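Written below as C-alpha cells is the structure these notes are about.
Here, each number is a calculation from the coordinates, and none is a lab measurement. Bear in mind the structure is a predicted one, so any value in this text is a computation, not a measurement. Please note: Cβ atoms are built from the backbone with ideal geometry, for glycine as well, and neighbour counts cover all protein chains shown.
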Amino acid sequence: MADYETITVEQRGRVTLITLNRPKALNALNSQILIDLLDAMAAFDADKGQGCAVITGSEKAFAAGADIKEMQAQGFAEMYGSDFFAGWEQFTRTRKPVIAAVAGYALGGGCELAMMCDFILAADTAKFGQPEVKLAVTPGMGGSQRLTRAVGKAKAMEMCLTGRMMDAEEAERAGLVSRIIPAADLIEEAVKTATTIAEMAPLAVMANKEMVNAAFETMLHQGVQFERRLFHGLFGTEDQGEGMAAFVDKRPGNWKGR
Ligand code: CO8
C-alpha cells in the first residue's frame, strides 16, 4: 500500500478506508491532499479485491474547507490559469461506491467533498456548512449545485448566504445525510455498511451507482431511459443469472464480476 503525506489508507477486507490526515489544519484540503486522494482512489478503483471505499477525517473535523492559507495569495489569473481544483472532478469519476463518514466539521470544500461521495453517514457530532461567503468567495468544488440538489433551494440558499452550519439532525431531516450514527461507532458502522455493498455483485453495484447519479445530472425522462438501458444490460451478465437462481434456491449468490 502506498505511503501518502496527507492521508492514510488501509484495507479492511474488501473495503478501502481512507483517512484525511492533516490534523494541524483540521484536514483543510490543499493541492497535496488532492494529489494523494486521486492516487488512492485510482488504486482502489483498479483493485478487483476492493468493492467500496470509506473516506473519513478526524473526530473534530472531516475537513474544514479548502486550505485558506494556500488560496490566500492567489489572484484571478493564477486561479483561472491553473483551473484551480478542477482535479476534484476526477474524484467524482470513481466507478465504485464511496461513502463519506463525517464527524465534526465538514465546511466549505469539506462539505463539498462529502457531497461528492455517493452518500454521507454522519456522526452525531457532524456539522455541515458552506461558509465561503464569510471569506468573500463562494463554494468552488460544486457545493452550490450539489447542496441545492440535496436539500432544496431554501436551505441551500440560506446556508450559502449566511454561512450558518447545519447539525447532523437537521442534515438528516433535509436529506443531506443518509443516517446519523453515535460518533464512537462511526468508522465501524461505515465499514460495515461498505462491506455490505462490497459483497454485492460488482457490476450491479456500479450500475446502481451510475444510474442514481444520473438522476442528479439529467432530466427525469432521460434518467429513466438511462436506468432502463443499464437494467437491460445487466441481463447480459453471469451474475444476474446467478443472483436470480440463488434467490430461487434460497442461498447466497456467488459473484463472478462478469
Ligand atoms: N484552511 C486552512 N487552515 C485551516 C482551515 C482552512 N479551511 N480551517 C482551519 N484551519 C486551521 C486554522 O488556521 C488553525 O491553524 P493554526 O493553529 O495554525 O492557527 C487550525 O486549523 C485549527 O483551527 P482553529 O484554531 O480555527 O479551530 P477552532 O476549533 O477554533 O475553529 C473552525 C474550527 C470553526 C472549523 C474554524 O477553523 C474555521 O472557521 N475554519 C474555516 C472554515 C472555512 O471558512 N471553510 C471554508 C474555506 S473556503 C472553501 O472551502 C472554498 C472551497 C472551494 C475552493 C475551490 C476553489 C476552486
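Taking the C-alpha atoms of the chain, how large are the radius of gyration and the largest Cα-Cα span, Dmax, in Å?
18.9, 64
In a GNM of the chain with a 10 Å cut-off on Cα contacts, which of ALA61, ALA174, ALA136 has the highest mean-square fluctuation?
ALA136
Quick one: Cα centre-to-centre distance for the stretch 82-120 and the stretch 1-15, in angstrom?
17 Å
Under the rule a/c < 1.5 gives rounded, and otherwise a/b versus b/c splits prolate from oblate, where does the stretch 53-111 land using the Cα gyration tensor?
oblate
What 222 nm value per residue comes from the helices of the chain, counting each DSSP H run with n ≥ 4 as -39,500 (n - 2.57) and dividing by all residues, nearest 500 deg cm²/dmol?
-13500 deg cm²/dmol
With θ taken as phi - 60° and the coefficients 6.51, -1.76 and 1.60, list the Karplus ³J(HN,Hα) couplings across the stretch 143-156 in order, rounded to whole Hz; mark glycine and proline as x.
Working through the residues one at a time gives x, 5, 7, 5, 5, 5, 5, 6, 10, x, 5, 4, 5, 4 Hz.
Provide the gained length on full extension for the span THR19 to MET244, in nm with one decimal, where the gain is 0.36 nm per separating residue minus the Cα-Cα distance.
77.3 nm
Which distance in nm do the two modelled labels at GLU158 and ALA42 give, with both placed 7 Å along the Cα-to-Cβ direction?
According to this spin-label approximation, the distance is 4.3 nm.
Relative contact order for the chain: what is it in percent, counting Cα pairs under 8 Å that are at least 6 residues apart?
Rounded, it is 16 percent for the chain.
Which chymotrypsin sites (Phe, Trp or Tyr not before Pro) does the stretch 163-253 hold that lie in a coil by DSSP with at most 11 other beta carbons within 10 Å?
PHE235
Taking neighbour counts of Cβ atoms within 10 Å as a proxy for exposure, in what order, fewest first, do THR16, THR8 appear?
Taking fewest neighbouring Cβ atoms as first place, the list is THR8, THR16.
Which three extents, in angstrom, do the Cα atoms of the stretch 216-258 have along their principal axes, listed largest first?
Dimensions of the stretch 216-258 along the principal axes of its Cα atoms: 39, 19, 15 Å.
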